[in-house]
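**Q** One structure, pasted below without further comment.
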Amino acid sequence: MSRLGSPTAAPDQITYLDTAAATPVGLDYKRRLVEALDVRTGQTVVDLGCGPGTDLAALADAVGPDGTVFGVDLEPRMVAEASRRHADRPNVEVRAGDVHELPLADASVDRIRVDRVLQHLSDPARVFAEARRALRPGGFFGMAEPDWDTLAVADEDVATSRRFARFTAGRVRNATIGRQLVGLATRAGFRVRSVDPMAVLFRDFDTADQILGLRRNTARAVQAGELAETDGRAWLHRLETGPVLAGFTFYLVTAEA
């Protein structure tokens with residue numbers, strides 16, 4: 001039986017990022033984003049909010065020994081972990097910095113990527129302006145962001161599924177950032193090259209729980225008075241015993257400076 005007394009604290013951030021990146025959908029969209037960016041040997045590429053450096057190795061392989069990859073992150077723990085993981089790669093450098101004020105010279109890089117970071121930031125428009133400033137003319141900006149307002153969990157109790165989705169989306173600062181990427185890029189002076197919406201689907205309870213926080217956010221919603229405990233308990237029990245179908249829309253957008 002589901003227990004709503006389970007911990008409601010967020011999981012360890014590094015573990016969460018590594019887990020999400022290793023899922024089939026994580027591997028797929030990350031590969032597609034690198035392909036859309038058309039990263040070439042010898043280029044300078046920047047990963048905004050690089051976290052523990054999950055994606056730096058793939059970028060380093062793409063630019064080759066004559067290229068350079070910069071990871072930028074504000075959190076000292078992330079900078080330290082990303083630096084540790086790539087200490088043996090001379091073409092990777094991790095810099096401490098705020099993506100609202102990039103530690104990069106004007107027109108100094110060829111490609112910039114941002115992956116599930118804009119959803120958490122106080123001023124996404126400022127990040128677009130900074131990316132536009134740092135990119136060389138003709139450089140590409142690649143973005144991968146969710147639209148949490150599209151989150152849906154299949155269950156016979158549609159009302160509880162909707163309450164869970166609304167509560168979960170409400171915990172994200174910029175919950176609809178995915179659908180806003182095109183407008184933000186255009187207003188910053190970019191030319192949008194591609195828009196690729198993709199359905200992120202989970203059919204396994206444990207994976208859905210890890211990524212969507214089914215147990216954790218249900219317990220939080222009960223504590224906040226957004227869900228009745230009996231409804232939340234029954235809803236989780238049905239999901240645990242399956243089948244599970246849960247997902248949301250994820251946007252991959254590339255733009256040219």
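The values are calculated or read from the model by the stated rules, or taken from the named source; none is laboratory data. Here the structure is a predicted model, which is why all the values come from computation and not from measurement. Cβ sites come from the backbone with ideal geometry, for glycine too, and all protein chains shown count toward neighbours.
**Q** Any residue at all in region 100-114 that's modelled with pLDDT of 95 or more and touching a Cys at 6+ places or on another chain (Cβ under 6 Å)?
**A** There is no residue in region 100-114 that is modelled with pLDDT of 95 or more and touching a Cys at 6+ places or on another chain (Cβ under 6 Å).
**Q** Taking the conditions exactly as written (free of Cβ contacts under 8 Å to residues at least 12 places away in the same chain, over 16 Å from G51 (Cβ atoms) and hydrophobic (A, V, I, L, M, F, W, C)), does A105 satisfy them or not?
**A** Answer is no for this residue.
**Q** Hey, among A154, A165, A188, A175, which residue is under 14 Å from the mean Cα position of the chain (by Cα) and of a type outside the set (V, I, T)?
**A** Answer to the selection: A175.
**Q** Taking the stated definitions as given, is R111 touching a Gly at 6+ places or on another chain (Cβ under 8 Å), among the charged types (D, E, K, R), in contact (Cβ under 8 Å) with a residue 24 or more places away in the chain and surrounded by fewer than 19 Cβ atoms within 10 Å (Cβ to Cβ)?
**A** No; evaluated as a whole, the condition is false for this residue.
**Q** Further question on the same structure: Only one residue in V153, V127 is more than 22 Å from V69 (Cα to Cα) and either buried (at least 16 other Cβ atoms within 10 Å of the Cβ) or hydrophobic (A, V, I, L, M, F, W, C) (or both), so which one is that?
**A** V153
**Q** Which members of region 130-144 meet the condition of being part of a strand (DSSP E or B) and under 16 Å from A185 (Cβ atoms)?
**A** L135, P137, G138, G139, F140, F141, G142, M143, A144
**Q** Say we look at region 156-173 and pick out the residues that are touching a residue at least 60 places away in the same chain (Cβ under 8 Å) and assigned to a loop (DSSP other than H, G, I, E, B); which of these is surrounded by the most Cβ atoms within 10 Å (Cβ to Cβ)?
**A** This residue is D157.
**Q** Restricting attention to region 110-129, report how many residues are closer than 21 Å to L56 by Cα and part of a helix (DSSP H, G or I).
**A** Looking only at that region, the number is 5.
**Q** Oh, and also: Given the criteria assigned to a loop (DSSP other than H, G, I, E, B), among the acidic types (D, E) and crowded, with 18+ Cβ neighbours inside 10 Å, does D147 qualify?
**A** In short, no.
**Q** Does A152 fit the bill of being in a loop (DSSP other than H, G, I, E, B) and closer than 26 Å to L236 by Cβ?
**A** It is false that A152 is in a loop (DSSP other than H, G, I, E, B) and closer than 26 Å to L236 by Cβ.
**Q** Another one. Inspect region 63-71 for any residue being of a type in the set (A, V, I, L, M, F, W, C), farther than 29 Å from R238 by Cβ and touching a Leu at 6+ places or on another chain (Cβ under 9 Å) and give the result as yes or no.
**A** The answer is yes; a qualifying residue exists.
**Q** Something else now. Can you say whether A20 is among the small types (G, A, S), touching a helix residue (DSSP H, G or I) at 6+ places or on another chain (Cβ under 8 Å) and modelled with pLDDT of 95 or more, as far as the supplied structure shows?
**A** No.
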